[in-house]
Amino acid sequence: MVPIQETIVNVVGRGVMLGTVLLFAAIGECFAQRSGFMNLTMEGIMTLGASLAYQTVFLTGNMGLSIFVAMAGCMLISFIAVYLNQRLYLDQVVTGMALYIFAFGLGVFIHRLVAGGVTGLKFIEVLKPVGIPLLSSIPVIGPILFNQNILVYVGIAASVAAYFIMYRTHWGLTVRAVGENPKAADNAGINVYMTRYITAMLSGAGAGVAGAYLIVAVLGNFQELIVSGRGWITIAMVIFAQWNPIYALIGSYFFGSMESVAKYVEVTRREIAITGGIPYQFFWMVPYIASILALVVAFKKAALPSALFKIYKREEAISEV
């Protein structure tokens, strides 16, 4: 393999690995937003998930357990968020931002309580790549997609499964119906509240896995700003992807590749040779600029779920009948 081709393969391959963080968070968020609930706690609960995962591995050495603990913690916060919105009829934006701050602070507090808050106190050995026989030998594509850690493969499989569930099953139709017209869905016998509870907790579970993935597969250590805006990027990317898990998969790998390029240029300091003189800081900016542009385009052209951000009050719907 020639040097430039090898560089591209390495950078894009690492981009797939980094993009899987966004992918796990995006899969659950696709369902939540499609049902009419936007989980604005995403940035905070991903931080909480990363903290819980790190502390669990720090105390037990069990990576599998750390993922489940992270999922449980993030699902709890998501449950609180949807309960405040669906049962107490509080605004999604206000409660989402409040719980985002709470979850972020809780994650940092737990880290300081358990590990003393010392960054670098203990590094965890991250997951190693597992090559798939034959497929990993395919030129270019093989090393990029089929020589990754096991959670990357889980993310790809989960994305395909989520697409099938969303668009090929009765429950997926139920989720979309609730997001478009909850009153009509309720009249058809669908439990609107339960559907949103489930999708919100799916979103929390995905964020928990994403946070844990940062620990067990990417960094191996917890830092207070470990998520670095990935939660907000996820929310924007899901909208731009039209709530399609396959498009979210592609978007995740794009953003991950931009992060990988930025890291490569920063480490090698080869701005002129690689990027024509563009400083590496520009590539760190790209995902955030792209997410802003995605929101602008999406809100102008995308067919947003009609009930997104809207509180459904069953009592009022019944009284109108």
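Out of all the residues in region 124-156, which are under 22 Å from residue 66 (Cβ atoms), in contact with a strand residue (DSSP E or B) (Cβ under 6 Å, 6 or more places away or on another chain) and either touching a residue at least 24 places away in the same chain (Cβ under 8 Å) or exposed (fewer than 13 other Cβ atoms within 10 Å of the Cβ) (or both)?
Scanning region 124-156 gives a single hit, 150.
Any residue that is closer than 16 Å to residue 236 by Cα and touching an Asp or Glu at 6+ places or on another chain (Cβ under 7 Å) - is there at least one of those in region 33-40?
Yes; the residues of region 33-40 include at least one that is closer than 16 Å to residue 236 by Cα and touching an Asp or Glu at 6+ places or on another chain (Cβ under 7 Å).
Looking at region 126-144, which of its residues are in a strand (DSSP E or B) and either polar (S, T, N, Q) or modelled with pLDDT under 90 (or both)?
131
Between 209, 192, 265, 218, which is open to solvent by 10 Å² or more (accessible area, probe 1.4 Å) and over 11 Å from the mean Cα position of the chain (by Cα)?
218
What pairs come out if I take residues in region 38-54 that are closer than 22 Å to residue 308 by Cα and assigned to a helix (DSSP H, G or I) and pair them with residues that are open to solvent by less than 10 Å² (accessible area, probe 1.4 Å) and charged (D, E, K, R) whose C-beta lies under 9 Å away, six or more apart or interchain?
42/29
For region 109-123, indicate whether the set of residues that are under 18 Å from the mean Cα position of the chain (by Cα) and open to solvent by less than 10 Å² (accessible area, probe 1.4 Å) is non-empty.
no
All but one of (1) in contact with a Ser or Thr (Cβ under 9 Å, 6 or more places away or on another chain); (2) modelled with pLDDT of 95 or more hold for residue 72, so report the exception by its number.
Failed condition: (1).
For region 264-310: of the residues being outside any helix (DSSP H, G or I), among the charged types (D, E, K, R) and within 30 Å of residue 4 (Cα to Cα), which is modelled with the highest pLDDT?
Top of the filtered list is 269.
Being open to solvent by 50 Å² or more (accessible area, probe 1.4 Å) and aliphatic (A, V, I, L, M) is the filter; apply it to region 157-169 and report the residue that is farthest from residue 243 (Cα to Cα).
Of everything passing the filter in region 157-169, 157 is farthest from residue 243 (Cα to Cα).
Looking at (1) in a helix (DSSP H, G or I); (2) in contact (Cβ under 8 Å) with a residue 60 or more places away in the chain; (3) of a type outside the set (Phe, Trp, Tyr), which one does residue 173 not meet, given that it meets all the others?
Exception for residue 173: condition (2).
Among the residues that make up region 98-108, is at least one of them open to solvent by 70 Å² or more (accessible area, probe 1.4 Å), over 29 Å from residue 149 (Cα atoms), outside any helix (DSSP H, G or I) and of a type outside the set (Asp, Glu)?
The answer is no; no qualifying residue exists.
Which one of 57, 16, 9 is surrounded by fewer than 19 Cβ atoms within 10 Å (Cβ to Cβ) and within 30 Å of residue 131 (Cβ to Cβ)?
9
If you scan region 82-104, which residues turn out to be of a type in the set (Gly, Ala, Ser) and modelled with pLDDT under 95?
96 - this is the single residue of region 82-104 that is of a type in the set (Gly, Ala, Ser) and modelled with pLDDT under 95.
With respect to the numbered conditions (1) under 24 Å from residue 127 (Cβ atoms); (2) of a type in the set (A, V, I, L, M, F, W, C); (3) open to solvent by 10 Å² or more (accessible area, probe 1.4 Å), which one is the sole condition not fulfilled by residue 40?
(1)
Go over the candidates 76, 84, 88 one by one and state the one that is part of a loop (DSSP other than H, G, I, E, B) and either surrounded by fewer than 24 Cβ atoms within 10 Å (Cβ to Cβ) or charged (D, E, K, R) (or both).
88
The values are calculated or read from the model by the stated rules, or taken from the named source; none is laboratory data. What you are looking at is a predicted structure, and each value in this text was computed from that prediction instead of being measured. Cβ: placed from backbone, ideal geometry, glycine included. Neighbour counts: every protein chain shown. Note: areas computed on protein heavy atoms with side chains; ligands, DNA, RNA excluded. Shrake-Rupley method; radii C 1.70, N 1.55, O 1.52, S 1.80 Å.
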